[in-house]
Amino acid sequence: MSIFKNKYGYFSDDGKEYIITNPKTPKPWVNLISNGHYSLVISQLNGGFSWLDNSNLNRITRWHQDLVTDQWGKYLYIRDDQSGLIWSPTIHPVGQEADEYICRHGMGYTSFATQNHQIESRLRIFVPFDDNLEIWTLRLTNLSDKARKLGLFTYFEWLLGAAPDSHREFHKIFIETKFDSADQILTAGKRLWEVPASRGHWNTNWPYTAYFACSEPVDGFETDKGAFLGQYGKLSAPKAVRESRLSGRQGRWTDAVSSLHKKVTLNPGETVELHFFLGVEKSQETVVRMVQKYRSAPEIEDAFNSVKNYWENYLTRTTVSTPDQGLNLMTNVWLKYQVITGRIWSRAAYYQQSGAYGFRDQLQDSQIFLYLQPEKTKEQLLLHAAHQFKDGRVLHWWHPLSEQGHDARMSDDLLWMPFVAVQYLKETGDWSVLDAAAPYYDDNQTFSLLDHCLRAIDLALSRFSPRGLPLILAGDWNDGLSAVGLEGKGESVWLAHFLYYILTEFDFILKKIDLKQKAAVYSQRAEALIKAINQFGWDGEWYWRASKDNGELIGSHKNKEGKIFLNAQTWAIIAGTADSQRKKALLEKIVEHLNSKVGPLLFAPAFSEPDEEIGYLTRYAPGVRENGGVYTHAATWAVWAACLLGKGDLAYDFYRKLCPAHKWIKPDEYLAEPYVTPGNMDGPNSPFYGRGGWTWYTGSAAWLFRVTIDNLLGIQADYEGLRIRPVFPTEWENVSVKRYFRGKTYHIEFLTREESTGEDLKILAEGRVLQGDLIPEDKENERGEVHVLVYRKSDLKTK
């Protein structure tokens, strides 16, 4: 069965592969492969690049962002040494169409199966979990009735350090290549690394050795780009491949590339298998040891099976089964993989190569671990706490390896730490996390996570306008509102809602740990804040979004453009800052003004001209990204808000519009990969209405997962157990969830009752009828599994 099949591809039956059958996808459709340190991105045409720990500071291979030609990658050429014909087993870079083609993007690997000139090629690329390298396994089979003599050539360009190295004539003179003929390994190093050094700029070595090798002795090598391509030569027909000769040049005087030549003779029906190894290590001795280790085919297969088993075990901890196959695919497989591999481990993709940790970004992403391995969320909390200053402010982002960061005066970043801490406490009941210690960025002495959270909240409470609303400063969650509050006068109503949420959540925590005086202070500030929000932030029919330094409002009915903003409405519902009548009205205004064919817009209408008093989002083309497009991260909060008001059908409508798997119907309108969330989709002010972009590297994936489990399906972690509050459409039948919670697996099955009287829900846990909507934590059950039946009235209103 081919799931959601269109003219470009489909999901495999188990959902764990996306199978591309037409290489001419509307945009590059890529995979990210990582072990948490060594990472690569690879397209359906084998475009992409590799890096270690940081895609910006520690890139291994060269790549330039070009989503039109996708002509930068790590390539293989096959030359028929009898006829002189040349092709590639991944189509690019030669560009000759294959007689047969399949690309499979899977969990931790990508593979290609092609056929050209009666030679069948099978190429698999993966990264072992235990070592910092990628392994290319190439299997060639002769389908003809005569012996074939083939020449294999590899090719990619070394970068080795900070990217991009656009000033290549400068950077190339620091790279040195060597070929070890005894061990048959080509290595590369660089005598320059653009990170802070003790004795001035451009004065430290790149501290690694990169290497490339084959599982068999090779017939030649090349490290000079000019010699390989030929002056004015083309990647599609390099001089060295055409002439079947590599010069063997190495050293410090070339434009460094890596090419190995291997001759192969295949009798009719014969198959040969070769492996290529690209990686980095700290010493030559370790390089040799790694290559020797993986020149064993069984070692390679063991490593590959370990990768598959890891993802199988990880992905199956929390799963769902619903009538919506797209929801199942995204929730059970791809959203988890996207968040962990793309956002937390790799922190890069085709649309953005960050390399950095964003303070707010990866904290929110780490919520994915709450359903799988909560201690990883704790690790993320402590990592971010160590990038907070003693006065409570935080780095907007920082780079691992260099530890350099940006102190940006963003008004919301610091509050995501207490926000995620609340979620962690509800998930685990692990109150000791508040005592877990982390230093401050400007003080090596360690302090408790509670201290870090309270300093963040207290600083936020100190940055208020005279009328009692929080200052937006250099931007709140929306970075594009970058000029609204630079003078320290502009306000943020969204931030007011968010801060109110934090204050009310921390009230319970502080009382629980007997900090009642602090709780009283926060309670008083929350009361004053909600009063200010509704006195000054209400615009008549909705909440305005922000005020500029000069006092003008953004997101007001008085505005011609940017009249109504999504976040200021959804978070009034989420935080409870609006009363019940206003909540209902706000949801209606979201539907009236912001709901589009691709989901809730971030705001409307889009800005048509730049406004230097607002910031760079007004400089985007209308309808694109934050300027009146669907910003998927924010749109997921609309699902949450609709669920809180019991509007399950509307919440599901929002969900389906956001769900990538449901974009398979119009791939040439959507353009982006249908298996990962996009950062944005163009809104109605764009001539490309519905176009997706900025895939993989987006905070929307973790949130789409969370609102699916917690809100749409309604299984929410709370301090005492799991709350059951489903709002999915009542016509759904056969809904079940396997939910990992506090070391046990809860098997929750939703059934429909026909009677129209009595309670909306009836819950049985291990055959025992429960009162209310809470499944208490099962501490006595040693089996590790809890079986739950939830009976739901068939006439329950979710409209």
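Data for the structure
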item: Residues Gln231 and Trp253, FRET efficiency given R0 of 22 Å [Cβ-Cβ distance, rounded to 0.05]; result: 0.85
item: Greater than 27 Å apart at Cα, pairs in Lys27/Lys74; Lys376/Lys744; Lys378/Lys548; result: Lys378/Lys548
item: Segment Thr271-Lys558, extension gain: residue separation times 0.36 nm, minus the distance between their alpha carbons; result: 96.1 nm
item: Virtual spin-label span in nm between Asp13 and Arg289, 7 Å along Cα→Cβ; result: 4.4
item: For the chain, size of Cβ-based charge dipole, Lys and Arg +1, Asp and Glu -1, in debye; result: 780
item: FRET E, pair Lys239, Lys597, Förster distance 56 Å, beta-carbon r, rounded to 0.05; result: 0.65
item: Cubic angstrom per residue, convex hull over Cα atoms of segment 7-71; result: 83
item: Dimensionless Rg ratio for segment 677-736, taking C-alpha atoms and the 2.2 N^0.38 Å reference; result: 1.54
item: Segment 606-724 - Debye-derived log10 I(q)/I(0), Cα point model, q = 0.10, 0.18 Å⁻¹; result: -0.35, -0.93
item: Set of segment 226-245 residues, backbone N closer than 16 Å to the point 7 Å along the Cα-Cβ line of Glu169; result: 226, 232
item: Burial order of peptide ranges 594-605, 41-52, 71-82, 222-233 (average beta-carbon count within 10 Å, highest first); result: 41-52, 594-605, 71-82, 222-233
item: Alpha carbon Rg of segment 623-664, scaled by the compact-globule rule 2.2 N^0.38 Å; result: 1.21
item: Relative contact order of segment 91-200, defined on C-alpha pairs under 8 angstrom at six or more residues apart (%); result: 13
item: In sequence order, calculated HN-Hα J values of segment 771-785 (Karplus, 6.51, -1.76, 1.60; Hz; x Gly/Pro); result: 9, x, 10, 9, 9, x, 4, 8, 8, 8, 6, 8, 6, x, 9
item: Surface share of carbon and sulfur [accessible, 1.4 angstrom probe, percent] for the chain; result: 47
item: From phi via Karplus (6.51, -1.76, 1.60), per-residue ³J(HN,Hα) for segment 181-189 in Hz, x at Gly/Pro; result: 5, 5, 8, 6, 10, 9, 10, 8, x
item: Two-decimal log10 I(q)/I(0) for segment 1-139, as the Debye equation yields it once each C-alpha is a single scatterer, q = 0.09, 0.11, 0.12, 0.21 Å⁻¹; result: -0.27, -0.41, -0.49, -1.34
item: Antiparallel content of DSSP bridges confined to the chain, in %, to 5; result: 95
item: Calculated Rg and Dmax of segment 315-456 using C-alpha coordinates, Å; result: 16.0, 53
item: Protection proxy ranking, peptides 125-132, 694-701, 145-152, 341-348, average beta carbon neighbours within 10 Å, highest first; result: 694-701, 341-348, 125-132, 145-152
item: Stokes-Einstein D (µm²/s) once Rh is taken as the Kirkwood radius of segment 489-585 over alpha-carbon pairs, at 20 °C in 1.002 mPa s; result: 153
item: Net lengthening on full extension, Thr141/Asn205 (0.36 nm per residue, minus Cα-Cα); result: 18.7 nm
item: Tyr10 accessible area, assembled protein chains, probe 1.4 Å, Å²; result: 40
item: Of Lys426/Lys531; Lys589/Lys647; Lys584/Lys762; Lys583/Lys647; Lys584/Lys647, those spanning more than 20 Å from alpha-carbon to alpha-carbon; result: Lys426/Lys531; Lys584/Lys762
item: Straight-distance crosslink candidates among aspartates and glutamates, where the alpha carbon sits under 20 Å from Lys308 and sequence neighbours closer than 8 are dropped; result: Asp13, Asp14, Glu17, Asp130, Asp131, Glu134, Glu299
item: Intensity falloff of segment 530-674 expressed as log10 I(q)/I(0), Debye formula with alpha-carbon point scatterers, at q = 0.12 Å⁻¹; result: -0.50
item: Gyration tensor over alpha-carbon atoms, segment 95-155, equivalent ellipsoid semi-axes in Å; result: 25, 14, 10
item: Point-to-point label distance, Glu613-Lys282, nm (Cα→Cβ direction, 7 Å offset); result: 5.6
item: Taking the C-alpha atoms of segment 221-322, convex hull volume expressed per residue in Å³; result: 245
item: Distribution of pairwise C-alpha distances over segment 133-205, 10 Å bins, in %; result: 13, 32, 25, 16, 9, 3, 1
item: Angstrom value of the Kirkwood radius, inverse mean 1/r, which spans all Cα pairs in the chain; result: 28.1
item: Sorted peptide list for 491-503, 767-779, criterion being average Cβ within 10 angstrom, highest first; result: 491-503, 767-779
item: Positive-end extreme of charge dipole, the chain - chosen from Gly576, Gln82, Leu671 (charges on Cβ); result: Gln82
item: Two-site label geometry, Ser306 and Lys516: point separation in nm, points 7 Å out along Cα→Cβ; result: 5.5
item: Sum of -39500 (n - 2.57) over DSSP H runs of 4+, divided by residues of the chain (222 nm, nearest 500); result: -7000 deg cm²/dmol
item: Cleavage-rule hits, GluC sites (Glu not before Pro), segment 63-166, DSSP coil, Cβ neighbours within 10 Å at most 16; result: Glu97
item: Relative contact order %, segment 406-554, counting alpha carbon pairs below 8 Å whose residues are six or more apart; result: 22
item: Pairwise FRET efficiency - Lys390 versus Ala297, Cβ, R0 = 60 Å, nearest 0.05; result: 0.65
item: From phi via Karplus (6.51, -1.76, 1.60), per-residue ³J(HN,Hα) for segment 683-689 in Hz, x at Gly/Pro; result: x, x, 7, 9, x, 10, 3
item: Equivalent-ellipsoid semi-axes of segment 370-452, from the Cα gyration tensor, Å, largest first; result: 22, 13, 12
item: Potential lengthening between Asp99 and Trp538 on full extension [0.36 nm per residue; Cα-Cα distance subtracted]; result: 151.7 nm
item: Average Cα contact separation per residue, the chain, under 8 Å, 6 or more apart, as relative contact order %; result: 10
item: Segment 62-214: translational diffusion in µm²/s, Stokes-Einstein, Kirkwood Rh over Cα pairs, 10 °C, 1.306 mPa s; result: 88
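The values are calculated or read from the model by the stated rules, or taken from the named source; none is laboratory data. Since we're looking at a predicted model, the values are computed, not measured. Every residue, glycine among them, receives a Cβ derived from its backbone with ideal geometry; neighbour counts consider all protein chains shown. Calculation scope for accessible area: heavy atoms of the full protein, side chains included, ligands and nucleic acids excluded. Shrake-Rupley method; radii C 1.70, N 1.55, O 1.52, S 1.80 Å.
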